[in-house]
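Trainee: My structure is below; once you've seen it, I'll send some questions.
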Amino acid sequence: PRGWPINFAHRGGAKVVPEDTIEGFREGFALGGGVVECDVHASAEGTIVVIHDAVVDRTTDGTGPVAEKTVPELQSLDAGYRFSADGGATFPWRAKGVKIPTLEALYEAFPDAPFNIEIKGRRSGIEETVFRQIEAAGALERTLVVSDNKGTISRFRNVSQGKIPTASATV
């Protein structure tokens, strides 16, 4: 995409706020980020959720694979629970209502922002679901989709018919 800001707040500013959360992206923009740079997986029912890891253990108060949890189960977790900017001395985001967002909610929260979406999960059909979400948000011209998996990005390119710019380190 042309004309994009050059400052991406990685995962919404992961070193200063809970990563891949709406609150995190808001803070990332306040600190000068100009692009929503997020990671996505599919939940148990196939909804696209914004989280970096395939499991919820590192960033929430829960345990287990994202792909085995429904959206209500994922959103019942505290996505700010483990965040600490001072090496574990304090946990300022615990019990503040920080949740794992859906991709749909992220597009609603940032209706004009450019998006860089990294498809992390290799679940069958995730590429089409991500494409449909981008299309539903009216965000074809302001989204870049990336993956480090050649098969995933090839399938996304096929389902999107080249309507969305893509990138991959393996292609």
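The values are calculated or read from the model by the stated rules, or taken from the named source; none is laboratory data. Here the structure is a predicted model, which means the values were calculated and not measured. FYI the Cβ positions are ideal-geometry reconstructions off the backbone, even for glycines, and counts take in every protein chain you see. Surface accessibility is based on the protein's heavy atoms, side chains included, excluding ligands, DNA and RNA. Shrake-Rupley method; radii C 1.70, N 1.55, O 1.52, S 1.80 Å.
Trainee: Being among the basic types (K, R) and not in a loop (DSSP other than H, G, I, E, B) is the filter here; which residues of region 14-41 pass it?
Mentor: The initial filter retains those residues of region 14-41 that are among the basic types (K, R), namely 15, 26.
Listed by number, the list holds a single entry, R26.
Trainee: It is to be established whether one or more residues within region 94-107 are touching a strand residue (DSSP E or B) at 6+ places or on another chain (Cβ under 9 Å), closer than 24 Å to P72 by Cβ and of a type in the set (S, T, N, Q).
Mentor: Yes, region 94-107 contains a residue that is touching a strand residue (DSSP E or B) at 6+ places or on another chain (Cβ under 9 Å), closer than 24 Å to P72 by Cβ and of a type in the set (S, T, N, Q).
Trainee: Just need a number here: residues in region 42-57 that are among the small types (G, A, S), crowded, with 18+ Cβ neighbours inside 10 Å and outside any strand (DSSP E or B).
Mentor: 1
Trainee: With R11, R2, R26 as the choices, which residue is touching an Asp or Glu at 6+ places or on another chain (Cβ under 6 Å) and at pLDDT below 95?
Mentor: R11
Trainee: Of these, D61, D53, which one is more than 16 Å from the chain's Cα centre (by Cα) and among the acidic types (D, E)? Don't jump to the end; show me each part of the working.
Mentor: Values: D53 fails: more than 16 Å from the chain's Cα centre (by Cα).
Only one candidate qualifies: D61.
Trainee: Here's another thing I want to ask about it. Residues of region 84-140 being polar (S, T, N, Q) and over 15 Å from the mean Cα position of the chain (by Cα), which ones? Full working, then the answer.
Mentor: Step one: list which residues in region 84-140 are polar (S, T, N, Q), which gives 84, 90, 102, 116, 124, 129, 133.
Once the filter is applied, which keeps residues that are polar (S, T, N, Q) and over 15 Å from the mean Cα position of the chain (by Cα), region 84-140 yields S84, T90, S124.
Trainee: Take V146 and decide whether it is without any contact (Cβ under 8 Å) to a residue 60 or more places away in the chain and under 21 Å from G34 (Cα atoms).
Mentor: On the way: without any contact (Cβ under 8 Å) to a residue 60 or more places away in the chain: yes; under 21 Å from G34 (Cα atoms): yes.
The answer is yes for V146.
Trainee: Need at least 1 residues that are buried (at least 21 other Cβ atoms within 10 Å of the Cβ) and aromatic (F, W, Y) per element, so show me which helices (runs of 4 or more DSSP H) inside region 58-171 make the cut, counting only ones lying wholly within it. Before you say what the answer is, go through the steps one by one.
Mentor: Values: elements: 71-75, 103-109, 126-136, 150-160.
Hits in region 58-171: 103-109, 126-136, 150-160.
Trainee: Would you confirm whether or not region 86-94 contains a residue that is out of contact with any Lys or Arg (no Cβ under 6 Å at 6 or more places or on another chain), among the aliphatic types (A, V, I, L, M) and touching a residue at least 12 places away in the same chain (Cβ under 8 Å)?
Mentor: The answer is no; no qualifying residue exists.
Trainee: Would you tally the residues in region 30-41 being among the hydrophobic types (A, V, I, L, M, F, W, C) and open to solvent by less than 10 Å² (accessible area, probe 1.4 Å)? First the steps, then the outcome.
Mentor: Initial filter on region 30-41 (among the hydrophobic types (A, V, I, L, M, F, W, C)): 30-31, 35-36, 38, 40.
Narrowing the set further to residues that are open to solvent by less than 10 Å² (accessible area, probe 1.4 Å) leaves 35-36, 38, 40.
Of the residues in region 30-41, 4 are among the hydrophobic types (A, V, I, L, M, F, W, C) and open to solvent by less than 10 Å² (accessible area, probe 1.4 Å).
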